[in-house]
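Novice: The structure follows.
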Amino acid sequence: MTVPVELRDVSRSYAMGPEQEIRALHRITISVRPGSAVAITGPSGSGKSTLLHVIGAMDVSDEGSVRVGDVDVTNLKGAEQADYRRSIGFVFQKFHLLPALTIVDNVVAPLLPFRTSFDKWSRASELLAAVGLEDRADSLPARLSGGQQQRVAIARALINDPALLLADEPTGNLDSETGTEIMDLLLRLRTEHGMTFLIATHDPVVASRCERIVRLKDGEVVDDVDIESGVHYDEVLGRIAGLGPGA
Ligand SMILES: Nc1ncnc2c1ncn2[C@@H]1O[C@H](COP(=O)(O)OP(=O)(O)OP(=O)(O)O)[C@@H](O)[C@H]1O
Ligand SMILES: [Mg+2]
């Protein structure tokens, strides 16, 4: 099952003292096709994280509407909001693994308090195999490299079989080779699980792997480019030359 993501005129400001506001997002309208991979890019402070947080109901917009499949994310309250959040996969720049728990326990952790219709432990094992870490299930996170820890975080994000995967700078703490491996993994899992995939990234190489690149500046969409398959990577980089930090 995969879902479209529809944003209409979404704005989000933060108060900075009594008189001043920061416009983190300003009238963002984006439609994301079910199952597509979209990079959200733009300089630091342009609103990438805020956008993902609003889509994932980790933050609320002040205006506009956010729909993910049948869910009107803008108007969720209480238990419905918690259920919605749990139905989404989220991967962060910092892996946020629980240091005292083993790898497999970290993967199961989001579901531990809940009764499920499936065996969470066998699903966790399958996901660890899918990210290439089946032999590390009983290790502690500190024994793993950064790239391996991010793989665990990705397995954890998929434990609830999300239709939407949101990733905020998932390669930001990794060297470029490891970052490429993580991006390969995210794109493969996206296809295998039929997820819609939104990734915030500063990195034009990472962005160029997606099917579409949306560039933000000062909370507004300033570029929205489709990358058709088969286009050479250098050409993509040329087209999005302005996508790096400070652009
Ligand atoms: N909780 C908050 N309180 C106040 N201001 C915030 C808050 N979160 C974000 N902002 C502001 O909103 C703007 C957008 O921030 P956001 O974190 O979305 O940018 P970003 O594009 O993800 O940046 P980066 O590339 O550095 O991660 C920035 O000016 C930021 O300072
Ligand atoms: Mg950010």
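Any read-out appearing in this document is the output of simple, stated calculations on the displayed coordinates, not a laboratory observation. Quantities reported herein were computed from a predicted structural model and do not represent experimental measurements. FYI the Cβ positions are ideal-geometry reconstructions off the backbone, even for glycines, and counts take in every protein chain you see.
Novice: Please report the orientation-averaged projected area of segment 149-205, defined via the convex hull of its C-alpha atoms, in nm².
Specialist: 3.6 nm²
Novice: Still on this structure, please answer the following. What percent of all Cα-Cα pairs in segment 1-95 falls into each 5 Å bin, going from 0 up to the bin containing the maximum distance?
Specialist: Histogramming segment 1-95 at 5 Å steps yields 3, 12, 22, 25, 20, 12, 4, 1, 0, 0 percent.
Novice: Report the extension gain between TRP121 and ASP72 in nm, rounded to one decimal, defined as 0.36 nm multiplied by the number of residues separating them, less their alpha carbon distance.
Specialist: 14.5 nm
Novice: What ranking, highest mean first, results for peptides 154-162, 4-12, 219-227 when packing means the other Cβ atoms within 10 Å averaged over each residue?
Specialist: With the highest mean Cβ count within 10 Å placed first, the list reads 154-162, 4-12, 219-227.
Novice: Between ARG23 and ASP226, what's the calculated FRET efficiency when r is the beta-carbon distance and R0 is 25 Å? Round to 0.05.
Specialist: Here the calculated transfer efficiency is 0.40.
Novice: On to the next question. Neighbour counts of other C-beta atoms within 10 Å: give me TYR14, TYR84 arranged from fewest to most.
Specialist: TYR14, TYR84
Novice: Compute the acute angle (0 to 90°) between the alpha-carbon long axis of helix 146-157 and the principal axis of greatest extent of the alpha-carbon atoms of the chain; round to the nearest 10°.
Specialist: Result, in degrees: 90.
Novice: Going by alpha carbons, how many degrees (0 to 90, nearest 10) lie between the helix axis of 176-193 and the longest principal axis of the chain?
Specialist: So the helix axis and the longest Cα principal axis differ by about 80 degrees.
Novice: Extending each Cα 7 Å along its Cβ direction at LEU112 and SER139, get the distance between those two points in nm, one decimal.
Specialist: The two pseudo-label positions are separated by 2.1 nm.
Novice: When you take every Cα atom in the chain, what is the radius of gyration, and what is Dmax, the widest Cα pair distance, in Å?
Specialist: 17.9, 56
Novice: Next question, about the same structure. Summing -39500 (n - 2.57) over the DSSP H runs of n ≥ 4 in the chain and dividing by its residue number, what mean residue ellipticity at 222 nm do you reach, to the nearest 500 deg cm²/dmol?
Specialist: -8500 deg cm²/dmol, from helical runs alone.
Novice: Hey, another quick one. Based on other C-beta atoms within 10 Å, arrange MET58, MET16, MET183 from fewest to most.
Specialist: Going from sparsest to densest Cβ surroundings: MET16, MET58, MET183.
Novice: Rank the residues PHE197, PHE118, PHE92 as a footprinting-exposure proxy: fewest other Cβ atoms within 10 Å of their Cβ go first.
Specialist: In order of increasing Cβ crowding within 10 Å: PHE118, PHE92, PHE197.
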